[in-house]
1. Kindly evaluate Arg149 against the criterion of being among the basic types (Lys, Arg) and more than 19 Å from Asp225 (Cβ to Cβ).
2. Return the only residue of Ile165, Ile207 being free of Cβ contacts under 8 Å to residues at least 40 places away in the same chain, in contact with a Phe, Trp or Tyr (Cβ under 9 Å, 6 or more places away or on another chain) and open to solvent by 40 Å² or more (accessible area, probe 1.4 Å).
3. Of the residues that sit in the range 220-237 and are open to solvent by less than 10 Å² (accessible area, probe 1.4 Å) and within 14 Å of Tyr187 (Cβ to Cβ), which one is nearest to the chain's Cα centre (by Cα)?
4. So which residues in the range 130-151 are open to solvent by 40 Å² or more (accessible area, probe 1.4 Å) and part of a strand (DSSP E or B)?
5. Can you tell me which of Ile157, Ile115, Ile102 is in contact with a His (Cβ under 7 Å, 6 or more places away or on another chain) and either in contact (Cβ under 8 Å) with a residue 40 or more places away in the chain or not acidic (Asp, Glu) (or both)?
6. On the basis of being of a type in the set (Lys, Arg), in contact with a strand residue (DSSP E or B) (Cβ under 9 Å, 6 or more places away or on another chain) and either at pLDDT below 95 or part of a strand (DSSP E or B) (or both), does Lys83 make the cut?
7. Quick check, is Gly176 part of a loop (DSSP other than H, G, I, E, B), open to solvent by less than 20 Å² (accessible area, probe 1.4 Å) and either within 27 Å of Val164 (Cα to Cα) or out of contact with any helix residue (DSSP H, G or I) (no Cβ under 6 Å at 6 or more places or on another chain) (or both)?
8. So if I check each of Val191, Val146, which one is closer than 17 Å to Pro97 by Cα, under 18 Å from the mean Cα position of the chain (by Cα) and not aromatic (Phe, Trp, Tyr)?
Amino acid sequence: MALAAVGLALPLAAAPYAYISNQLDDSVSVIDTQTGTVVDTIVVQGKPAGVAVSPDGDKVYASTPEANGFAVIDTKQRKVIAKVKVTEGSLGITVSPDGKHIYVADWYNNTVSVIDAENLKIIGTIAVGESPSGLMVSPNNRWLYVANRLDNSVSKIDTQKMAVIKTVQVGEHPFGLTLDTRGDRLYAANVKSDDVTVVETRAMKAIATVKVNMLPYATALALNDSRLFVTNQDDGSVSVIDTETLKEIGLIPVGDKPEGISTHPDDRYVYVANWFDGNVSVIDARNLKVVNTIKTGEGSRGFGQFFGK
């Protein structure tokens, strides 16, 4: 009876969920992080790639490049409740910390679209650099940062004016971005130069370059921003950088072709989507070891911030 009671109590616990886009499966896997299992798979047409979760955890926004926009998933119903047309190159996607705006990067048209999260209408289009990909919004909602892959740069956008105010050169082909919790430092994973550029956001100045392994794709911070984790696509590994010394302190083998990466709200466990293996590796940021591997779907990408409540 005791075991049965525990089992019944589990679904009521407030365990965060990870939402992993499976691009080749046209689906999003829902991982219950308390049990370490996939509890649902949501059909999302259009080859979902980028993922963003609303601050309240009620909605997941998944970019759908082949459907020219993004899908809106209701996390309680676990189904798509809206499809929003944006542009044919929709890839990177993020939502502001206040939940009011969704930003979508257009890989082909070199723009970022601004969408009102309440009515799902496009309220602005911002010209940026060539082939924009990763996006991050500052904690105060004022600044939007975008990685311009083919321009080898990162732009800072004033979200009130909807205009670029400064652009900084980084490494070759920046893709994934991570902003620290204070909004002071930005980390850009540079796919072609096999390194990470550290940018001081106030002046938009590159302050360091840290070498990692082959084809770094995306990054995530953990342990109070003290460690940066970087997925190395062609190495099947995750590099660990000490953010104080800006030195690589570890290299963790994960699955084949790791891409998306995001940190659990507990700030300790880092989840990595492995494209070729169709699974997710769970890393303990304290001991730098993989503690679980969770089967998801074909072409697991999880590009963005994929954690919700």
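1. Answer is yes for this residue.
2. Exactly one residue qualifies, and that residue is Ile165.
3. Checking each candidate, the answer is Ala220.
4. Correct list: Trp143 only.
5. Ile115
6. yes
7. Here the answer is no, as Gly176 does not meet what is asked.
8. Val146
The values are calculated or read from the model by the stated rules, or taken from the named source; none is laboratory data. This is a predicted model, so every value here is computed, not measured. With ideal geometry, Cβ positions are generated from the backbone for all residues, glycine too; neighbour counts draw on all protein chains shown. Note: areas computed on protein heavy atoms with side chains; ligands, DNA, RNA excluded. Shrake-Rupley method; radii C 1.70, N 1.55, O 1.52, S 1.80 Å.
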